[in-house]
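Novice: I'd like to ask some things about the structure below.
Nothing in this text is a laboratory measurement; each read-out follows from the coordinates by a stated rule. Everything quoted here is computed from the prediction, not taken from an experiment. Cβ sites come from the backbone with ideal geometry, for glycine too, and all protein chains shown count toward neighbours.
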Amino acid sequence: MDTYENEREQMVTHQIASKGVRDERVLAAMRKVPRHRFVPMDARPYAYVDSPVRIGRGQTISQPFIVALMTELLDVQTEHRVLDVGTGSGYQAAILGELAAEVFSIERHPELAETAEEILSELGYENVQVVVGDGTRGYAPAAPFDRIIVAAAAPSVPQALLDQLASAGRLVIPVGPRYSQRLEVWDRQEARFKRSTNIPVVFVPLIGEEGWED
């Protein structure tokens, strides 16, 4: 018996759908994925509250609304191949795994990547692969990607991520100074890109060659 099922339903109803997320596939994924499995044991009482939760190494699992909003903006289809930059806990990768054909998730901290990979495997996400590396450089061995999502804030959009978008691909990423960003959506049509902005957010910094220095 899933003792957290009611908490997930309350999370979706009061934290996500009530704030304007309407994509039924995204809402179904948020109802299904056991968010509590992706936070440390001592933080499980806070797994379904509407706030980020620390997971170690200075990283966080984003608040449920932000995960849902970014996933809705990404507009993932069942045939898509997705790059998830900043695996962290693995929760976003699991949500994507419910929606896409294949997910590659890249994390710079080996210990976080290992823990996330173990949880994803235990939960049966065979379509999600976790790799260790510099997420600002994307993941060239599996490029191009139909969708790319970034769970850390960049000072500007890494060119490598734009280069690894397929034609008609989409990138969702927080961009701005370290303590104040906006979500940006980048759509590619052949060699041209269209940028739009969404809500203000605050994410941990995207560290790497095309991001912030450590």
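Novice: Once amide H atoms are placed 1.01 Å from N in the peptide plane, what residues at a sequence separation of 5 or more from TRP212, or on another chain, have their amide H within under 5 Å of its amide H?
Specialist: LEU206, ILE207
Novice: Quick check for you: which residues of the stretch 187-214 have the amide N under 14 Å from the point 7 Å beyond the Cα of ALA166 toward its beta carbon?
Specialist: Correct set: 188-190.
Novice: Next up: Note the direction-averaged projected area, equal to a quarter of the hull surface, for the Cα convex hull of the chain, in nm².
Specialist: One quarter of the hull surface, i.e. the mean projection, equals 10.8 nm².
Novice: Post the alpha-carbon centroid distance, the stretch 50-80 to the stretch 4-24, in whole angstrom.
Specialist: 14 Å
Novice: Same structure again: Could you tell me what a quarter of the Cα convex hull surface of the stretch 61-170 works out to, in nm² with one decimal place?
Specialist: It is 6.3 nm².
Novice: Another one. Calculate the dipole size of the chain relative to its Cα centre from +1 charges on Lys and Arg beta carbons and -1 charges on Asp and Glu beta carbons; express the result in debye to the nearest 20.
Specialist: 680 debye
Novice: OK, next. Would you please give the residues with an amide H less than 5 Å from that of THR60, counting only those at least 5 places away or on a separate chain, with H modeled from the backbone geometry?
Specialist: Correct list: ILE55.
Novice: Whole number please: convex hull volume per residue of the Cα set in the stretch 1-119, in Å³?
Specialist: That works out to 102 Å³ per residue.
Novice: Considering the stretch 48-110, what Rg and Dmax in Å follow from its alpha-carbon atoms?
Specialist: 11.8, 34
Novice: Cα convex hull of the stretch 171-212: how many Å³ per residue?
Specialist: Each residue corresponds to 72 Å³ of Cα convex hull volume.
Novice: A follow-up question, please. Most fluctuating residue of TYR91, TYR139, TYR179 in a GNM of the chain with Cα springs under 10 Å: which is it?
Specialist: TYR179
Novice: Taking only C-alpha pairs under 8 Å that are 6+ residues apart, what is the relative contact order of the stretch 5-201 in percent?
Specialist: Relative contact order of the stretch 5-201: 15 percent.
Novice: Now for a different question. Counting other Cβ atoms within 10 Å, which trypsin sites (Lys or Arg not before Pro) in the stretch 1-101 have at most 11 and lie in a DSSP loop?
Specialist: Filter output for the stretch 1-101: ARG22.
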